[in-house]
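Read the structure below first, then the notes.
Nothing in this text is a laboratory measurement; each read-out follows from the coordinates by a stated rule. Just so you know, these numbers come straight off a predicted model, no measurement behind them. As a convention, Cβ positions derive from the backbone with ideal geometry for all residues, glycine included, and neighbour counts pool all protein chains shown.
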Amino acid sequence: MFVSLFTLCVNAGNVVEPEYNGQVAIVNADSTTTLLPIEKAETKAKSNNLAFVPVAGMFLTKGLCYTILKGKEAATKVATKDVTLIVRVKNHDDNPDTSIGIVKYEVKKKERRFLMAESGLFSGTSVKSAVGNVKFDAKKYGKSSFLLTIKGLEPGEYGVYAGDADQASTFSVK
């Protein structure tokens, strides 16, 4: 009953949408919102020389391309596996599946990273979805936003991309 009452309140428009395009707010259990901080993302490519082939006279390399955020975790923490977000966009007539991306980061040392693409001499190139690796349900919300529902998130670090590819609104699931 709590979930349906919560959904009713959000669908009735009692929760305010973010003020600016690209901003993301997480909807709290009491129908208030918390604006997620926006972090600057860097794109870095790495290449590993794996072996030298004397006959061919070349190095076999594997290239990796990551989106990287500094720090091991986001400032905003949530304790639930089911998350509702309100994402403000430039045009909510656009398809949210192609204009909004949610990724789960891998945590390495003092950074969070998402593998965007990898390539190898013999294996070819593999590009991850530019949109993200976390599935969500989306509905139009308010004048310029989408209401995103994500169910069953695993503990970890997440980022929402809504507009600029070098900026992510981040949160942690504990």
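Some points to look at:
- Projected label distance in nm at Leu64 and Asn21, using a 7 Å step from Cα toward the beta-carbon: 3.5
- Cβ-derived FRET efficiency at R0 25 Å, Glu73 paired with Ala45, nearest 0.05: 0.55
- Within the shell defined by Cβ-Cβ distances under 10 Å, the residues around Gln167 carry a net charge of -2, with Lys and Arg each +1 and Asp and Glu each -1.
- 14 Å beta-carbon shell around Thr149, net charge (K/R +1, D/E -1): +2
- Summary of packing: across the peptides 143-154, 34-45, the per-residue average of other C-beta atoms within 10 Å ranks them, highest first, as 143-154, 34-45.
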